[in-house]
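Only one structure is covered here, and it is reproduced in the block below.
The values are calculated or read from the model by the stated rules, or taken from the named source; none is laboratory data. Computed from a prediction, not measured in an experiment: that's the story for all the values here. With ideal geometry, Cβ positions are generated from the backbone for all residues, glycine too; neighbour counts draw on all protein chains shown. Ligands, DNA and RNA are stripped out before the accessible areas are found, and what is left, the full protein with its side chains, is counted by its heavy atoms. Shrake-Rupley method; radii C 1.70, N 1.55, O 1.52, S 1.80 Å.
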Amino acid sequence: MSGKTMDISINLNGKRVAASVSPDLSLLAFVRAQGCKSVKCACETTNCGLCTVWLDGQAVLSCAVPMARANGHAVMTLEGLQAESADFARCMAEEGAEQCGFCSPGLIMNVLSMEREIRERAAAAGEEPQMPSDEEMDSYLAGNLCRCTGYTSQRRAIRRYMASRFAACAQAVVAGQEE
Ligand code: FES
Ligand code: FES
């Protein structure tokens, strides 16, 4: 790390945070220093997904984002998504989708990102949000390493969560149970 610093300012969970930091300080280290301890550090090589945050609404791996790139942008962590996070955590508990819990912070950030993107895409098209396919779920969870579940129970938790939020998704669950 060089000795140079730069003044940065980001919107973190709805609040402006300014600091003088090394430009190559990772966003992961920065948000943890700001008290966002939901963002976990494991591999630091973009292989586990535990450090997932939203940067301008997109899920990113914060271990791979230097503060020079985050400067001026909006960052969201689980601390800023507590109501949605609690709802999905309940769905995980009801589907037995949390075992050791190691992967949960990154998983939840990715699932909430998926829900938001499906909702916004449907709104732009003037349609009802539809239940994602298994393949679509897997594409959102691809960067989130889970050593315990095999993702089957996590997919069930996602379906339960989507059904709790959107009528068309609830109907899809009912139709699936009747097949
Ligand atoms: S700590 Fe960032 S992907 Fe593992
Ligand atoms: S529940 Fe243990 S790693 Fe995912």
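Here are ARG160, ARG156: which of them is under 13 Å from GLY96 (Cα atoms) and either assigned by TED's automatic domain parsing to the domain that holds SER62 or surrounded by fewer than 19 Cβ atoms within 10 Å (Cβ to Cβ) (or both)?
Within the list ARG160, ARG156, the selection yields ARG156.
Looking across SER85, SER104, SER38, SER26, one residue alone is of a type outside the set (A, V, I, L, M), surrounded by 14 or more Cβ atoms within 10 Å (Cβ to Cβ), without any contact (Cβ under 8 Å) to a residue 40 or more places away in the chain and away from ligand 2 (no atom under 15 Å from the Cβ). It is SER85.
Can you find, within segment 41-74, the residue that is nearest to THR5 (Cα to Cα) among those that are of a type in the set (A, V, I, L, M, F, W, C) and open to solvent by less than 10 Å² (accessible area, probe 1.4 Å)? Restricting to residues being of a type in the set (A, V, I, L, M, F, W, C) and open to solvent by less than 10 Å² (accessible area, probe 1.4 Å), the top hit is MET67. Checking the conditions here, which among ASN144, ASN110 is in contact (Cβ under 8 Å) with a residue 60 or more places away in the chain, part of a loop (DSSP other than H, G, I, E, B) and either more than 16 Å from ligand 1 (Cβ to nearest atom) or open to solvent by less than 40 Å² (accessible area, probe 1.4 Å) (or both)? Unique residue meeting the criteria: ASN144.
Checked against the criterion of being acidic (Asp, Glu), assigned to a loop (DSSP other than H, G, I, E, B) and out of contact with any His (no Cβ under 7 Å at 6 or more places or on another chain), the candidates GLU136, GLU98, GLU117 yield just one match: GLU98.
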